[in-house]
Amino acid sequence: MRKIRLGVNIDHVATLRNARNENFPNLLDVSKILKEIQVDSITVHLREDRRHIRDKDVIDLKEKNYLPLNLEMAATKEMKDLCLKILPESCCIVPERREELTTEGGLDVKNQMDYLGTFLPDLKKKMKVSLFVDPDFDQIRASKDLGVAAVELHTGKYSNLFREKKQHNELERINKAAKLCRDIGLDCHAGHGLNFENVKDISQIDEILELNVGHFLVSHSLYTGLKDTILKFMKIIDHPKSK
Ligand code: PXP
């Protein structure tokens, strides 16, 4: 039987937490819930501007060790030093621009072979390394040449096209990219913008071994949790409608 893995990205739990700076919602409590329901890993993206996840979060998550930790990070010396200090189980190298809202495109591996060729070896010795790339054959082959264990295919374009029901060509591109990964011996992960609707076809691609999903899962849990939470509050205050 196929065993797809799910990594849950909890960056936006930290976004909510940072709105008040009172350590609520608490990342470790959330991680405990993720462990209880047996997801496979926790992903966090330590961005250069620390807009959600902070250094101490990564340290605490690793120390508690509820689930294997996957650190998404830019290919900078600062991040590498931190990563080698904290030693998560895996890391995923992502491109990062300060002004972007989220990771908008894949890493241009092909045009940074020299830089990445010297940047990656220390990490590869200590953990599983993946590169976040567009579903592009050249980028995937270049990743293989760098000797990483995996690529994570960027599904952002697919997710955007899905809203307009124009995703078919991009889905096929992801499908072919995943098969190339299998053929050349790279683990294939995928993520970005996935939700209940658009993940179905992605999860049917056998060669995709792991999905990393964040914003939708955190956001949708507001819809499913809001009713119970407010009803409980109404009960506590003896609100007339709570009888
Ligand atoms: N994978 C990678 C490499 C990412 O950078 C992100 C966004 O931080 C995700 C997965 C998760 O994307 P989303 O939050 O849209 O599910």
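The values are calculated or read from the model by the stated rules, or taken from the named source; none is laboratory data. Worth saying up front: this structure is predicted, and the values here are computed from it rather than measured. Because the Cβ atoms are built from the backbone with ideal geometry, glycine has one as well, and the counts that use them run over all protein chains shown. Areas reflect the complete protein model, heavy atoms only, side chains present, ligands, DNA and RNA absent. Shrake-Rupley method; radii C 1.70, N 1.55, O 1.52, S 1.80 Å.
Using all C-alpha to C-alpha distances in region 1-137, build P(r) with 10 Å bins and read off the rounded percent in each one.
Binned Cα distances yield the sequence 11, 41, 36, 11, 1.
Order 216, 132 by their accessible area, 1.4 angstrom probe, all chains in place, largest first. Provide the component values of the computation, followed by the final result.
Numbers: 216 50, 132 10 Å².
Putting 216, 132 in descending order of accessible area: 216, 132.
Once the other residues with Cβ under 12 Å from the Cβ of residue 28 are scored (Lys, Arg +1; Asp, Glu -1), what is the net sum?
That sum, taken over residues with Cβ under 12 Å, equals +2.
If a cysteine in the chain has no other Cys Cβ under 4.7 Å from its own Cβ, put it on the list, ordered by number.
Among the cysteines of the chain, those whose Cβ sits 4.7 Å or more from every other are 83, 91, 92.
Starting from the residue with the highest accessible area, list 33, 10 in decreasing order, probe 1.4 Å.
On the way: 33 95, 10 0 Å².
Putting 33, 10 in descending order of accessible area: 33, 10.
In whole Å, what three semi-axes, largest first, describe the equivalent ellipsoid of region 12-61 built from its Cα gyration tensor (square root of 5 times each eigenvalue)? Intermediate results must be reported in sequence, preceding the final value.
On the way: eigenvalues 70, 34, 14 Å².
The equivalent ellipsoid of region 12-61 has semi-axes of 19, 13, 8 Å.
Nearest 10 degrees, 0 to 90: what angle lies between the long axis of helix 77-86 and the longest principal axis of the chain (Cα atoms)?
The two axes meet at around 60 degrees.
Going out from 0 in 5 Å bins, what whole percent of all Cα-Cα distances in the chain drops into each bin?
All Cα pairs, binned at 5 Å, distribute as 1, 6, 13, 17, 19, 16, 12, 7, 4, 2, 2, 1, 0, 0 percent.
For the chain, take the longest principal axis of its alpha carbons; what is the angle in degrees between that and the long axis of helix 168-184, to the nearest 10 within 0 to 90?
The angle comes out at about 60 degrees.
Once you list every other residue whose beta carbon is under 11 Å from the beta carbon of residue 7, what net charge do they have if Lys and Arg are +1 and Asp and Glu are -1?
My count for the surroundings of residue 7 gives -4.
Of all the C-alpha pairs in region 26-107, what % are more than 21 Å from each other?
28 percent
Once both axes come from the Cα atoms, what is the angle between helix 215-236 and the longest principal axis of the chain, in degrees from 0 to 90, rounded to 10?
Relative to the chain, helix 215-236 is tipped by roughly 10 degrees.
How would 143, 203 rank on accessible area, largest to smallest, probe 1.4 Å?
Working: 143 0, 203 35 Å².
Ranked from most to least accessible, the order is 203, 143.
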